[in-house]
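Asker: Can you read through this structure? Questions will come right after.
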């Protein structure tokens, strides 16, 4: 099959997440980057596009001009979807421009600047009938998928408790006063929105808890802090969780835990057993039982589910890491594009892709976490949308 053609908005020179998206998209040889508007600065966008070996007439300085120009190209040449890797405040404007021009959208998370924008985005998707993917990359790990299926199969019994933690240490001092582009915009309310820590990594932890447990978070009790002096957005938070099935949980996310790298970890406890997975040891899933030894499942083993297996690229003993997990999100999304264009049935792998439902739930989580932390009321419900 021909490669799926991708455009990109944002992610120019010096941007971390743009490079990650490009590497993930390129990993399986199924996606070709054909165009981009990499920066609002014309010279920076040009340099970025040239470094990626794009044709000069497919390097744009304005995302609206890019949508119009690409839509005017022959069908077999124009991009088929756009990856949005800008700061949060531009996610909806770029997504809307792309969808109105007839292009599918893959967006970095969080989906939008606020919840109202996420609901608006859902309305636009319903109007256009086009596809939307969201880069909750941690759900792309093979053993995260295995964990979800084990819970869904009832192996652990009814879920009682979920504990998820995501500590980092990179914002333990005032990185926003340096040339750290990530720190500057993630701590700027005009670009990031109402939250830094919860908007950046807390929403990943909440998504992972819902994905593996198969249950939606129904209510939260939150305590968010800005420990570093002068910050107006949170850099730390602790949240109690209630799930729709009656399970309880704890979510901790922090960007000021000195010495921590990217220590996302989840434990799920059921009536009959429990599981544990850590992002820094992603090839191992632990299953724990009351009446027999703890089991260690490993990526690439032939006892894993079909879904975990098709999302694994290398033989057992070879680490399946962050880029591979990220690439699995892209592979699922382009599977949806191929099915959309051909009218074929959607494969299990392609159906397992974060989309607009996760986008709305994520923005609801962020906004309600901030509101709950500011309130004297103990619990705040997360409404259905």
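What follows draws every value from the coordinates through simple rules; no lab data is involved. Being a predicted model, the structure only gives us computed values, none of them experimental. Because the Cβ atoms are built from the backbone with ideal geometry, glycine has one as well, and the counts that use them run over all protein chains shown.
Asker: Please return the ranges of helices (runs of 4 or more DSSP H) entirely within segment 156-224 where 2 or more residues are in contact (Cβ under 8 Å) with a residue 12 or more places away in the chain and surrounded by fewer than 19 Cβ atoms within 10 Å (Cβ to Cβ).
Answerer: Those helices (runs of 4 or more DSSP H) span 181-186, 189-192.
Asker: A further question follows. Every residue in segment 51-93 that is farther than 26 Å from residue 340 by Cβ and part of a loop (DSSP other than H, G, I, E, B), please.
Answerer: 52, 53, 55, 61, 62, 87
Asker: Could you tell me how many of the residues in segment 6-50 are under 20 Å from residue 62 (Cβ atoms) and either more than 21 Å from the chain's Cα centre (by Cα) or not in a helix (DSSP H, G or I) (or both)?
Answerer: Of the residues in that region, 28 qualify.
Asker: Still on this structure, please answer the following. Evaluate segment 121-138: report whether one residue or more is touching a strand residue (DSSP E or B) at 6+ places or on another chain (Cβ under 6 Å), buried (at least 22 other Cβ atoms within 10 Å of the Cβ) and assigned to a helix (DSSP H, G or I). It would help to see each step written out before you state the result.
Answerer: Start the filter on segment 121-138 by keeping residues that are touching a strand residue (DSSP E or B) at 6+ places or on another chain (Cβ under 6 Å), which leaves 125, 130-134.
Among the residues that remain, those that are also buried (at least 22 other Cβ atoms within 10 Å of the Cβ) are: 131-134.
From what is left, the residues that are assigned to a helix (DSSP H, G or I) are none.
No, that holds for no residue.
Asker: Considering only residues that are surrounded by fewer than 22 Cβ atoms within 10 Å (Cβ to Cβ) and within 22 Å of residue 13 (Cβ to Cβ), which ones fall in segment 71-92?
Answerer: From segment 71-92, those surrounded by fewer than 22 Cβ atoms within 10 Å (Cβ to Cβ) are 71-78, 87, 89-90, 92; that's our starting set.
Answer for segment 71-92, where residues must be surrounded by fewer than 22 Cβ atoms within 10 Å (Cβ to Cβ) and within 22 Å of residue 13 (Cβ to Cβ): 87, 89, 90.
Asker: Consider segment 362-382. How many of its residues are more than 19 Å from residue 225 (Cβ to Cβ) and out of contact with any helix residue (DSSP H, G or I) (no Cβ under 7 Å at 6 or more places or on another chain)?
Answerer: If we filter segment 362-382 for residues that are more than 19 Å from residue 225 (Cβ to Cβ), which is where we start, we get 362-364, 379, 381-382.
Now restrict to residues that are out of contact with any helix residue (DSSP H, G or I) (no Cβ under 7 Å at 6 or more places or on another chain): 379, 381.
The number of residues fulfilling the criteria is 2.
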